[in-house]
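To start, the structure under review is shown below, and the notes come after it.
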Amino acid sequence: MTAIAIDDVRRTYGDTVALDAVSLSVDPGEIFGLVGPNGAGKTTLARAITGTTDYDGTVALFGEQPRAIDRSRLGSLPQSFSPHERLTARELLEYYAGLYDDALTPGRVLDDVGLIDSADTYYENLSGGQQRRVCVGSALVNDPDLLVLDEPTTGIDPAGRRQLWDLLEGLAADGTTIFLTTHDMHEAERLANRVGLLADGELVAVDTPRALIDAHGGESRLTVETASPLAEVDASGLDYRAAIVDNDLRVFDVAPTEIGTVVDSLTDAGVQVESLSWAEPTLEDVYLELTGTAVGRGGQRLDDGAASAAEEPNAPTPPTEGSS
Ligand code: ADP
């Protein structure tokens, strides 16, 4: 049975269309990552799934309406969640565990979210990342079949984030279905079996990270730092497209095995190569391509000049200052 079946879901707030005919299904044990710019409708969709907002269309969780499903089967973490501040991490999880007949022990959940050493610290004295982990723990206490997490790792440091990823992967391997929203493309790429990209309330792409990258990520790129004045570089002999991006030379669609050939060609053209970095397209490139919005983290974006150079297949583009 489908874990989450969303069919033609629409939600408006006055003139604002928060969700526009969204249809999607998520399988049991799948980790589904929803990404999209601020205001795209991610939280509204997460709330439609958990039955905490009204909508037109249908949502079914294991065949039941969100508000009808046995609450012990659903774990949810809203984006803004502020538990009582003068309770310790353990007391908070004891409180949430007490809401269910058959809950996990708070100690086990604290251990799972990496907080056992801070179990007796007041919530208000935990760091922002530790607080968020308590909140994630509160969504886990009932050992749910479906977890809906709205930006679960926001504010958590890289080590803590990795620990939570491992935890979520372990839960999914044991059959828990996980629907999460995130702004972290690395998180979506690493964690999600499938990623949905929401823009202006519409689901514009849904697929595995690999398929999305292959379809929309563009090409690999070799960034060449050089001491040579770029305006004087003649790359017409270079059998690859190239452009100047942020005072570096960027060469497109170079396989790792071809890097030596590119360097030889550049050296022949009088370019003094100082350093090289090669990057494959990632989900961030897909995001940029489909939403036209930078994600605000990770590497430097291609600028307009490079993007337009990349749009002309098989046309070696001599780098000029004008193209940067
Ligand atoms: P995201 O989570 O992707 O940032 P949201 O689902 O929070 O997006 O919001 C989608 C759109 O709906 C935005 O334009 C937002 O301003 C609007 N919206 C969301 N909740 C409300 C609300 N309670 N009242 C009015 N507008 C809302």
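The values are calculated or read from the model by the stated rules, or taken from the named source; none is laboratory data. The structure presented is a predicted model; accordingly, all values stated were derived computationally and were not measured. So basically every Cβ, Gly included, is an ideal-geometry build from the backbone, and we count neighbours across all protein chains shown. Just so you know, the surface numbers come from the protein's heavy atoms only, side chains and all, with ligands and any DNA or RNA stripped out. Shrake-Rupley method; radii C 1.70, N 1.55, O 1.52, S 1.80 Å.
Here are a few things to note about the model shown:
- Filter result for Gly201 (on the phi > 0 side of the Ramachandran plot, surrounded by 21 or more Cβ atoms within 10 Å (Cβ to Cβ) and within 16 Å of the ligand (Cβ to nearest atom)): yes
- In the set Thr12, Thr50, only one residue is in contact with a strand residue (DSSP E or B) (Cβ under 8 Å, 6 or more places away or on another chain) and free of Cβ contacts under 8 Å to residues at least 12 places away in the same chain; that residue is Thr12.
- Failed item, numbered, when Val134 is tested on (1) in a helix (DSSP H, G or I); (2) open to solvent by 40 Å² or more (accessible area, probe 1.4 Å): (2)
- With a requirement of 1 or more residues that are over 21 Å from the mean Cα position of the chain (by Cα) and within 11 Å of the ligand (Cβ to nearest atom), the strands (runs of 3 or more DSSP E) lying completely within segment 1-67 that satisfy it span 4-13, 16-26.
- Filtered residues of segment 104-117 (kept if under 28 Å from the mean Cα position of the chain (by Cα), assigned to a helix (DSSP H, G or I) and not aliphatic (A, V, I, L, M)): Arg108, Asp111, Asp112
- Conditions (1) open to solvent by less than 20 Å² (accessible area, probe 1.4 Å); (2) without any contact (Cβ under 8 Å) to a residue 40 or more places away in the chain; (3) not aromatic (Phe, Trp, Tyr); number of the one not met by Thr177: (2)
- Selection count where residues are surrounded by fewer than 16 Cβ atoms within 10 Å (Cβ to Cβ), in contact with a helix residue (DSSP H, G or I) (Cβ under 6 Å, 6 or more places away or on another chain) and among the charged types (D, E, K, R), scope segment 67-94: 1
- Check on Thr208, under 23 Å from Pro28 (Cβ atoms) and open to solvent by less than 20 Å² (accessible area, probe 1.4 Å): no
- Residues within segment 115-162 that are of a type in the set (D, E, K, R) and touching an Asp or Glu at 6+ places or on another chain (Cβ under 6 Å), tallied: 1
- Members of segment 145-161 found to be closer than 23 Å to Asp102 by Cβ and open to solvent by less than 10 Å² (accessible area, probe 1.4 Å), listed by number: Leu146, Leu147, Val148, Leu149
- Selection count where residues are acidic (Asp, Glu) and over 23 Å from Glu94 (Cα atoms), scope segment 136-174: 5
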